[in-house]
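Computed from the coordinates by the stated procedures, all read-outs in this text should not be read as laboratory data. On a predicted model such as this, the values are computed, not experimentally measured, just so you know. Heads up, the Cβs are rebuilt from the backbone with ideal geometry, glycines too, and the neighbour counts pull from every protein chain shown.
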Amino acid sequence: MRVRYNESFKRQAVKKALSRSQGTTLAEVTDSLGIGESTLHKWIVKLRNEQLGSNSSDDNGRIDGAMQEKRPQDWRQEERLEMVIACGSLDGSAMNQLCRERGIYAHHVKQWKQDFISGVTGNGRSDTKHLKGEVRELKKELNRKDRALAETAALLVLQKKVDAIWGNDEDNSR
């Protein structure tokens, strides 16, 4: 028999799962609620995508106390720099805790730090877009030149065949 849960229960379950203590596993949370892990994962994804109801988010972008996570590549340069600075004075476990709260991993912060040190600017999207356009133009030009070369080779072969059949004008003039 399939059980239907109301939106309030779903939101509370997601809130409990996202705000669980460090020693509590997701399996323990699902066992205490009497639901399956895959069901809870689906609810979390739906809540993050705001499919469970748009009235549960407040002005700060929070959904029932849980911060909407964004992908590391969606972070602006200023946010990345702030995170690198914030993690600069923290030890490993404190840095991991802060990263978990923000929805990223410590290796993202370390990579961002290396990017700032090496002088990499931008998030790479505009550079990638520009390079893809340049590659596309170069491929077009290469294809055009290949077609022109093939046409020239075909004309030379035809000219040799014509000369072989009817003879060359230079041969007849002697």
Please give the contour-minus-distance gain from Thr24 to Gln73: 0.36 nm per residue of separation, less the Cα-Cα distance, rounded to one decimal in nm. 14.7 nm
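Under the rule a/c < 1.5 gives rounded, and otherwise a/b versus b/c splits prolate from oblate, where does region 125-166 land using the Cα gyration tensor?
It is prolate, given that a/c is not under 1.5 and a/b is the larger ratio.
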Among all the lysines, which ones have a C-alpha under 18 Å from Lys140's C-alpha, if same-chain residues fewer than 8 places away are not counted? Lys129, Lys132
On a full-extension model of 0.36 nm per residue, what is the gain between Asp146 and Ala86, subtracting their alpha-carbon distance, rounded to one decimal in nm? 16.1 nm
Could you please report the charge total around Asp115, scoring K, R as +1 and D, E as -1 over all other residues with beta-carbon less than 13 angstrom from its beta-carbon? +2
What is the sum of charges around Trp43, taking Lys and Arg as +1, Asp and Glu as -1, for the other residues whose C-beta is under 9 Å from the C-beta of Trp43? +4
Go ahead and run the numbers for FRET between Asn168 and Leu138, Cβ-Cβ distance against an R0 of 41 Å, rounding to 0.05. 0.50
